[in-house]
Amino acid sequence: MRYKEIAEHIIQDIRSSKLHIGAKMPSLRHMAKLQNVSMTTMLNSYHLLEELGWIVAKPQSGFYISRPLSDQSTPETPQFQSQIKSLSANDYSGSCYQEFRQSGPLGISRIAPELMPTLMLQRSLKRSISNFAEALHEYPETQGNQRLREVLSRHFSSHGFPILANDLVITNGCINAIQFALEATTKPGDSVAISSPCFSGLLELLALMDRKVIELPCTSEGIDLTQLEKHILQGNAQAGLFSTSHMNPQGMSLSQEQKQALAELANKHQFPVIEDDVYIELSHSKNMPLPAKYWDKGGYILWCSSVSKTLSPGFRVGWCIPGIYKDAMIKRVAVSQLGLNTPVQVGLADFINTGQYQQHLNKLRTFLTLNVQEYIALLRQQLPENAAISSPQGGTVLWLQIPGLHCKKLQKAAQENDLDIRIGASFTTLSLYQDCLRINAGWPLDDKIREKLNKLCELIRNHTAC
């Protein structure tokens with residue numbers, strides 16, 4: 001059919017670099033005239049390209065060139081036999097601080113501040129404080145502000161993930177929710193199953209809490225649940241800690257089938273699984289994926305998330321649905337922090353309730369979809385031909401693998417050139433990912449960032465064995 005022929009021709013132009021990733025497509029009217037077809041035919045062609053992932057619709061702006069995940073070579077995690085491994089807090093001293101401090105745009109996993117709705121957030125905070133009056137001087141609710149929990153309940157329920165306000169516990173960010181979840185389900189000396197590679201901040205947290213780890217391979221097929229069940233049956237693992245949507249550092253997501261299988265495994269063995277879902281709302285598509293918690297019937301999954309990546313890390317507002325561990329978590333919240341900052345909670349509730357949060361997310365998802373593809377296109381032009389680059393389904397980070405790369409030498413050279421990156425060795429307790437690194441793609445690809453990426457690629461080439 002004619003619309004398919006036009007779409008195939010456009011795809012060939014993108015693959016041959018005649019059309020560049022991130023560039024705006026001509027208007028439908030202009031293309032229809034150019035191809036001598038009706039507007040309906042051209043619209044069908046654009047819809048097909050959008051469905052295949054070759055273009056992305058930007059509201060009130062038009063269509064922009066992208067690239068589908070299936071058309072790109074990506075790094076692969078090797079298969080290995082997992083085993084219990086002790087952690088030393090000294091090995092991760094300061095790694096979490098390094099991750100969250102105000103570092104360079106390529107290092108920290110974060111979206112550029114200028115893309116955040118700062119003015120609207122300020123208005124919500126002012127409006128909420130003025131309406132809260134004398135209640136501001138009372139101690140906050142231990143479980144979290146009732147208004148915020150109700151607003152979050154409606155927000156996620158509208159995305160097909162129905163949750164109850166009374167099931168939520170508000171925490172001081174996502175990492176704090178994970179810490180409480182670990183305390184509620186494990187004790188010092190216990191072993192926690194994690195995916196490999198794993199966010200370095202979680203490794204440091206586990207080390208500081210004196211928990212051992214069992215790294216499980218996480219390939220394109222997902223987490224090795226066969227090995228996980230083996231460790232559960234043998235009594236080796238006392239809990240699991242996994243990201244399931246837009247993982248850091250790979251950016252990949254588990255399929256619905258594997259999320260369901262993970263939930264069924266947790267319920268079958270009454271095995272606590274902590275689900276770190278801080279990136280779930282940063283999908284590179286229109287819809288938020290469902291978490292594994294959605295299929296949790298017995299309450300054995302403790303679902304953790306926050307607005308630190310989507311809105312403001314400075315708010316320090318996160319949450320957890322701890323399931324059957326709710327009472328244990330609330331006790332720890334009550335003893336350790338006596339609740340959370342009330343003005344921030346009610347301000348966030350106001351911002352979400354007005355619909356501005358969802359509008360912001362819609363814009364952010366479109367930006368990330370295009371921006372990440374622009375980063376990938378630049379990297380593919382500059383890096384060695386055998387380099388593999390992740391094709392994230394969401395989030396802000398890219399995972400690079402360059403065979404022959406000397407990562408530690410690269411890290412030193414990057415620091416000398418004022419470039420902030422994260423090398424692969426930071427994301428494992430094993431001798432893996434020595435030729436990998438992670439970079440952030442949450443900053444617009446302007447001249448300054450382009451210059452940094454070009455310099456990084458030059459250093460990579462200089463520190464890669466031929």
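A few remarks follow.
- Test for residue 305: is it at pLDDT below 90 and not acidic (Asp, Glu): no
- Counting the residues of region 394-415 that are closer than 18 Å to residue 252 by Cα and either part of a strand (DSSP E or B) or of a type in the set (D, E, K, R) (or both) gives 6.
- Within region 277-332, being part of a helix (DSSP H, G or I), under 17 Å from residue 165 (Cα atoms) and in contact (Cβ under 8 Å) with a residue 24 or more places away in the chain holds for 293, 294, 323, 324, 325, 326, 329, 330.
- Evaluation of residue 41 against the conditions (1) modelled with pLDDT under 90; (2) more than 32 Å from the chain's Cα centre (by Cα); (3) surrounded by 12 or more Cβ atoms within 10 Å (Cβ to Cβ) shows that the sole unmet condition is (1).
- Residue selected from region 188-220 under the condition among the charged types (D, E, K, R) and either closer than 22 Å to residue 267 by Cβ or in a helix (DSSP H, G or I) (or both), by the criterion modelled with the highest pLDDT: 190
- Subset of region 230-287 [touching a helix residue (DSSP H, G or I) at 6+ places or on another chain (Cβ under 7 Å), of a type in the set (D, E, K, R) and under 18 Å from residue 202 (Cβ atoms)]: 275, 276
- One residue stands out in region 44-92 among those that are surrounded by 14 or more Cβ atoms within 10 Å (Cβ to Cβ), among the hydroxyl-bearing types (Ser, Thr, Tyr) and closer than 19 Å to residue 362 by Cβ: the one that is modelled with the lowest pLDDT, namely 66.
- Test: residue in region 174-191 that is within 22 Å of residue 293 (Cβ to Cβ), acidic (Asp, Glu) and open to solvent by 40 Å² or more (accessible area, probe 1.4 Å): yes
- One residue stands out in region 305-320 among those that are more than 13 Å from residue 281 (Cβ to Cβ) and not polar (S, T, N, Q): the one that is nearest to the chain's Cα centre (by Cα), namely 313.
- Scanning region 130-149 for residues that are touching a residue at least 60 places away in the same chain (Cβ under 8 Å), open to solvent by less than 70 Å² (accessible area, probe 1.4 Å) and farther than 20 Å from residue 325 by Cα gives 132, 135, 136, 140, 148.
- Residues of region 421-457 that are within 25 Å of residue 77 (Cα to Cα) and either out of contact with any strand residue (DSSP E or B) (no Cβ under 9 Å at 6 or more places or on another chain) or basic (Lys, Arg) (or both): 422, 431, 438, 457.
- Single condition residue 369 does not satisfy, out of (1) touching a residue at least 40 places away in the same chain (Cβ under 8 Å); (2) out of contact with any strand residue (DSSP E or B) (no Cβ under 6 Å at 6 or more places or on another chain): (2)
- Some residue of region 135-148 being under 22 Å from the mean Cα position of the chain (by Cα), of a type outside the set (Gly, Ala, Ser) and at pLDDT below 85: no
- Total residues in region 266-287, condition over 9 Å from the mean Cα position of the chain (by Cα) and either of a type in the set (S, T, N, Q) or surrounded by fewer than 20 Cβ atoms within 10 Å (Cβ to Cβ) (or both): 7
- In the set (1) in a helix (DSSP H, G or I); (2) at pLDDT 85 or above, the condition left unmet by residue 131 is number (2).
- Just one residue in the set 426, 336, 391 is in a helix (DSSP H, G or I), crowded, with 21+ Cβ neighbours inside 10 Å and among the polar types (S, T, N, Q); that residue is 426.
- Options 373, 415; residue that is surrounded by fewer than 18 Cβ atoms within 10 Å (Cβ to Cβ) and either charged (D, E, K, R) or out of contact with any Leu (no Cβ under 8 Å at 6 or more places or on another chain) (or both): 415
- Residue 260 meets each of the listed conditions (1) modelled with pLDDT of 95 or more; (2) buried (at least 21 other Cβ atoms within 10 Å of the Cβ); (3) under 20 Å from the mean Cα position of the chain (by Cα) apart from (2).
- Single residue of region 326-345 satisfying the filter (at pLDDT 85 or above and hydrophobic (A, V, I, L, M, F, W, C)) that is farthest from residue 316 (Cα to Cα): 328
- Leading residue by the ranking (farthest from residue 369 (Cα to Cα)) among those in region 1-27 that are open to solvent by less than 40 Å² (accessible area, probe 1.4 Å) and part of a helix (DSSP H, G or I): 6
- Members of region 429-456 found to be within 28 Å of residue 114 (Cβ to Cβ) and either exposed (fewer than 15 other Cβ atoms within 10 Å of the Cβ) or charged (D, E, K, R) (or both), listed by number: 438, 446, 447, 448, 450, 451, 452, 454, 455
The values are calculated or read from the model by the stated rules, or taken from the named source; none is laboratory data. Model, not experiment: these values are computed from the prediction. Don't worry about glycine lacking a Cβ; one is built from the backbone with ideal geometry, like all the others, and counts go over all protein chains shown. Ligands, DNA and RNA are excluded from the accessible area calculation, which covers all protein heavy atoms including side chains. Shrake-Rupley method; radii C 1.70, N 1.55, O 1.52, S 1.80 Å.
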